[in-house]
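Novice: Here you go, one structure.
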Amino acid sequence: MMRSRKRKTSATPSRGVILCRKRNKTSAVPVSLPDEMLMQVLLWLPIKAILRFRAVCRSWAALLSSDEFRSLHMEITKTAPSELKLLLVSPTERFDSTDVYSCSPLVPRRNDRLLFTLDHARRDSVSVLTPIPCRGLTLLYDDVAPAYYLCNAATRSVTRLPPFDEAFDSFSAGLGFDVRTRQHKVVRLTNEIGTVKCEVYTPGGDCWRLAARGVPFRLCRVARSALANAMDNAVSPVFANGCLHWLVDTYCLMTKPRTAILSFAVAEETFMSVRSPGFGPTVHTFPFPLVAPRGLMDQWFPCRWVGRASEEHLAVVDNQLCIVRDRRADPYGSTLEIWKLLDYCAGDWSLDHCIDLSGRVGRDLREPQIVSVIGNCRPGKEIIIASSTHKVYGTYRKKVHTYDPSSGALKTILSVTETHTTPEETPPGLRFGFIEESLAPVHKTGEEIALSRTLARVTKEILLRLPSKSAVQSKLVCKQWLRLIESANFIETYSKHKNMDKMPKVMLIGKGSGQLGFSFVPLNRWIREAPNHSALLCTKVVCSKPCHGLNLISTKTDNYLYNACTGFYRVYRNKAPNIHMPSRAFRVQNAEQHAFTVGNKNVGLTFDPLSREHVVVEMFYKLKDYKTRQYSLECTLRWCNSGGHARENSVPLPPLPVNEMPPAYVEGLLYWMSEPRLGRSHKRAIVSFDIARNRFDVIPCPPCIAMWNSTSPSRAYVVELERFLCAILADPVANSLDVWKLEHGQWGRSYSICLKASPDYSLVTNVVVPLAVDPYDSRILLNSGRKVGLYDPVEQTVENLYSLDQVDDVTSTAHLRVREGSDINKCRHSDDRNNPSSSWNTLTYSKDQSWGKITEFLPLVPMLYEESLACYPTVAKARMPR
């Protein structure tokens, strides 16, 4: 019996490849291939061979998957000669799927190769947003779902981006590349009821995030105009010079259109505008200033710079941003002009190409309703032109042409008939693109892999409906559940699912047991159960509103980052201010004595959109003298996810001193009301801090709040209500709160809270802060530090939810009377339906606690929270060496 012997193979890329040179019939001499030569051989291999060679060994897989190898391979493929390959989107026989093919214009279409199939993508609904690949990747869009797909046609890999969170009036997305982080970014510009937002998705992530800097107020109208042009003409932004560019529709501006293009820097995530070229007068009548190319002076003409896709559109030619001017209707000649941008700042343009359409192929370009210049894949190569002609309802004849700049020759390389589901008044999107040889990964998300089966999708729906603590405990079931629950996409989806009703939820904070700093109980449950042995607070605390699922609880000495639903928390010690001045010079007057100040500090919680972590912003006064108006302020940042210990970075000092009231967090920014009793300014203003830019700014207040008088008892502060920044003016004389809301860059009076009929909330003896607004009946949740109630704007009365009764003796038992059934979630929770309509309950207070301090504030502090799974990983403590 013959025994088979296993052949031993070894691969040692670190020392090169060992080849066998045959000496005779029975022996061979090994020859080692140097690493440099091996790298050159691998770099010149086709994509298919490189993907197969990843299976040789682990070291080869790491080498061929590294970012360095991908970059080198892309540089070589750009210089190597290659044939033109097209990506085609084609419907399948099934109603809910779409195929993507690759083809060469030199061979019949019957030889097209299937790249991949998009399941659940309705036929005739998928278009190509980036016909010129962005470093190997192409962005597809399904307008029925709606959904975005990111694909690499060379590697046949595709992934579906996270779904839309909400419906928008208009939106537009493009694909760019960040040269700093070496990552692709999908940028989506949206407009909802006049509010323009910019969101960014990085391949491999699990959710969209807001851009580091939103659309500036001065460019909001320009952005809305650019979105209108993108939606009406089915055009996408183009990527050039590290920026995404949208063409502006001047019909929506109705002013001097100095701006032609809205630009978004992908690396810095900032917006800017680009001036338009001067094309000279046309037959239209709409006056506006023209910016002439190469320094010519601006002039007024009785004309209109047309921003429609059928007349002007953007393209990338020779890696430069260009505007294509369609002059087919010009009586003096039928041409396509290509203007290249020379200088972003000056807005200088030059006419680089003028495509003559008088020939035979040019006649095919004169007839179609839509002609668009796509660009060229490589500098100096032929320019690709696409045309579309509407035949019958939903059917279009589309052609692809090439233009040779050196010879001026036009050639048709592809002609197809397509069916589109878009309305006839909207131009159809592109169904083709180019294929670029690249190893750029699309990074399928962990959730996309985990939810590839029906059972996994059902599991996710069940987990979304579990309470927070039960969802956290479900991590112990198996590794698949652990990865799913800890994924950023699931955490984001869970938070939106649990808080979709936008109802404010109130939690009461008490003293914790053991090592826990605090204990928490929902207000409605506390009203129902009224525990008789709850530990009351023995120290004063101030709570922030929820910021991306977490709350900040501050005491005089510490700051606590809490998720009240899951029990996650972290503790950060206060940084003692460094005093480098004489003892006489260091004097800080006593802080305001009310429920919303703690110690001599002002602390806020924000969220860094770049690092995706919470940041604690602390301000300490080292010098505060109201008589001389002198002050010394110190500001410190603490990133909350940094190995268990907060990183501390100094930031520029705020331009104005801030008052003692806590800040308000709105859309990535923290806001404080300034202190007019300190510094040079005698007027109030709002100080804002942008964590993404690490910068302070000043926002003017409404005129009635900005004016300050040292003899006036009025108080001003800022809060967040209904996701808007609000400025509050508390007038003790009128006993009323005036609430001004900043919406679309304009201040408007939103609410007027009259407290004359509610002496317990008198502004003479209390600081009353609006916490939230009920979205159903518009009642406002108020907190005075001693009472919490709901204000009815119609009746102008306050219904108490939770109050501190007067104490007859400091050593006796404190009675907290809470009327059941008055919770802000009254009649909206099924577990409250069987409760008695009215009852009074008592909470006991132990005699060993310092009641003298408790009488100044609530022993159970109310805190707004949102159900969330947000947390940071626990860092294991290092073991001490023996």
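The values are calculated or read from the model by the stated rules, or taken from the named source; none is laboratory data. The model shown is predicted, which means the values in this text are computed figures rather than measured ones. Don't worry about glycine lacking a Cβ; one is built from the backbone with ideal geometry, like all the others, and counts go over all protein chains shown. Surface accessibility is based on the protein's heavy atoms, side chains included, excluding ligands, DNA and RNA. Shrake-Rupley method; radii C 1.70, N 1.55, O 1.52, S 1.80 Å.
Novice: Roughly how much of Asp124 is accessible, in Å² to the nearest 10, using a 1.4 Å probe?
Specialist: Rounded to the nearest 10, that gives 30 Å².
Novice: Next question, about the same structure. In nm, give the distance between the simple-model label positions of Val144 and Cys345, each being 7 Å from the Cα along the Cα-to-Cβ direction.
Specialist: In this crude spin-label approximation the distance works out to 5.1 nm.
Novice: In what sequence, largest accessible area first, do Met231, Met507 appear using a 1.4 Å probe?
Specialist: The ranking, largest first, comes out as Met231, Met507.
Novice: Okay, next question. Report the gain in length on full extension from Ser752 to Phe53: 0.36 nm times residue separation, minus Cα-Cα distance, nm rounded to one decimal.
Specialist: 244.5 nm
Novice: Which FRET efficiency value, to the nearest 0.05, do you get for Ser712 and Val571 by plugging their Cβ-Cβ distance into 1/(1 + (r/R0)^6) with R0 = 45 Å?
Specialist: 0.65
Novice: What share of all Cα pairs of segment 664-704, in percent, falls into each consecutive 5 Å distance bin?
Specialist: Bin by bin from 0 Å, the calculated values are 6, 22, 27, 24, 13, 7, 0.
Novice: Lys/Arg Cβ at +1, Asp/Glu Cβ at -1, dipole of segment 36-106 taken about the Cα centre: which of Ala80, Cys103, Ala55 is farthest positive-ward?
Specialist: Highest projection toward the positive end goes to Ala55.
Novice: Starting from the 7 Å offset along Cα-to-Cβ, what nm value, one decimal, do you get for the label separation of Asp119 and Asp792?
Specialist: Reported label-point gap for Asp119 and Asp792 is 5.6 nm.
Novice: Taking Rh as the Kirkwood radius, which is the inverse of the mean 1/r over Cα pairs, what is the Rg/Rh value for segment 38-103?
Specialist: Result for segment 38-103 is an Rg/Rh of 1.13.
Novice: Another question about this same structure. Here is the link list: Lys340/Lys399; Lys545/Lys601; Lys502/Lys787; Lys505/Lys556. Which ones come out longer than 19 Å on Cα distance?
Specialist: Lys340/Lys399; Lys502/Lys787; Lys505/Lys556
Novice: So how strong a dipole does segment 166-209 carry about its Cα centre when Lys and Arg Cβ are +1 and Asp and Glu Cβ are -1, to the nearest 20 debye?
Specialist: About 320 debye.
Novice: For a quick check of your reading of the filter: which GluC sites (Glu not before Pro) in segment 612-704 sit in a DSSP loop and have no more than 15 other Cβ atoms within 10 Å?
Specialist: For GluC sites (Glu not before Pro) across segment 612-704 that sit outside H, G, I, E and B with at most 15 neighbouring Cβ atoms in 10 Å, the list reads Glu667.
Novice: So how many Å³ per residue does the convex hull of the Cα atoms of segment 178-232 work out to?
Specialist: In segment 178-232, the Cα hull volume divided by residue count equals 106 Å³.
Novice: Taking every pair of distinct Cα atoms and averaging 1/r, then inverting, what Kirkwood hydrodynamic radius in Å comes out for segment 141-220?
Specialist: That comes to 13.8 Å for segment 141-220.
Novice: Oh, and also: According to a simple spin-label model (label point 7 Å from Cα along Cα-to-Cβ), what is the distance in nm between Phe164 and Gln369?
Specialist: Each label point is offset 7 Å from its Cα along the Cβ direction, giving 2.3 nm.
Novice: Note down the net charge around Ala265, summing +1 for each Lys or Arg and -1 for each Asp or Glu among other residues with Cβ under 15 Å from its Cβ.
Specialist: Every neighbour counted, the sum reads +1.
Novice: Report the full-extension gain for the segment Asn694 to Glu36: residue separation times 0.36 nm, less the Cα-Cα distance, to one decimal in nm.
Specialist: 232.4 nm
Novice: Measuring from centroid to centroid over Cα atoms, what is the spacing of segment 769-799 and segment 668-687 in Å?
Specialist: Centre-to-centre (Cα) distance: 27 Å.
Novice: Moving to a separate point now. Could you state the accessible area per residue of segment 671-720 in Å², with a 1.4 Å probe and every protein chain left in place?
Specialist: The answer is 44 Å² per residue.
Novice: Tell me, in nm to one decimal, what length is gained between Asp558 and Arg378 on full extension, where the rule is 0.36 nm per residue of separation less the Cα-Cα distance?
Specialist: 58.9 nm
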